[in-house]
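These notes are about the structure you will find just below.
Bear in mind that the values in this text are calculations on the coordinates, not laboratory data. These numbers come from a predicted model, not from an experiment. Cβ coordinates were reconstructed from backbone atoms using ideal geometry, including for glycine residues, and neighbour counts include every protein chain displayed.
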Amino acid sequence: MSQAPAHRIESWQEGDITVIRCEGRITLGLATNTLRNLMREALESGSKKLLLDFGGAVQLDSTGIGELVGALSLANEKGAALKLAQMPPKIRELLRITRLDTVFDVEEDFQQALESFR
């Protein structure tokens, strides 16, 4: 019996918004490397609107948090907006404890997050 992958990260365009959806455990290793590469690629290629959807995520470790902070810094440098959507309660609490919920624009609903860019 095969086990489901620990994570899945994919990206696509919704008009002028780059969406990156994270599912599973976003932890040190391949998951955080993939997330970092997709965020940087989007921002370096000129995307001005980046939405990270965590609706399917179950875990985000300190490495993942660090990648989000790095991407936010790069977004600010590039004049781009970065928003987070559908953060599960466990991850939302982690953002609250680290006070990063005051730094990131976090939307509860994916559709509302898309509309907030317009």
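Go ahead and estimate [θ] at 222 nm for the chain from helices alone: -39,500 (n - 2.57) per DSSP H run with n ≥ 4, summed, over the residue count, rounded to 500.
Details: 4 runs with 48 residues, N = 118.
When only DSSP H runs of four or more count, the value is -12500 deg cm²/dmol.
Add +1 for every Lys or Arg and -1 for every Asp or Glu among the other residues with Cβ under 11 Å from the Cβ of residue 101, and state the total. With Lys, Arg at +1 and Asp, Glu at -1, the net is +1.
Seen from residue 85, the other residues with C-beta closer than 10 Å to its C-beta sum to a net charge of -3, counting Lys and Arg as +1 and Asp and Glu as -1.
The stretch between residue 99 and residue 63, if pulled fully straight at 0.36 nm per residue, gains 11.3 nm over its current Cα-Cα span. For residue 27, neighbours were defined as the other residues whose beta-carbon sits under 12 Å from its Cβ, and their charges (Lys and Arg +1, Asp and Glu -1) total -1. Look at [x] 21, 16, 15; [y] 22, 17, 14; [z] 48, 21, 13: the one that is semi-axes √(5λ) of the Cα gyration tensor in Å derived from this structure is [x]. Taking the DSSP beta bridges with both ends in the chain, the antiparallel portion is around 35 percent.
Relative to the longest principal axis of the Cα atoms of the chain, the long axis of helix 62-78 makes an angle of roughly 10 degrees.
Using Cα pairs closer than 8 Å and at least 6 residues apart in sequence, work out the relative contact order for the chain, in percent.
24
Note on residue 108 and residue 41: with the Förster distance fixed at 35 Å, the Cβ-Cβ geometry gives a FRET efficiency of about 0.85. Taking packing as the residue-averaged number of other Cβ atoms within 10 angstrom, the listed peptides 24-34, 105-115 run from highest to lowest as 24-34, 105-115.
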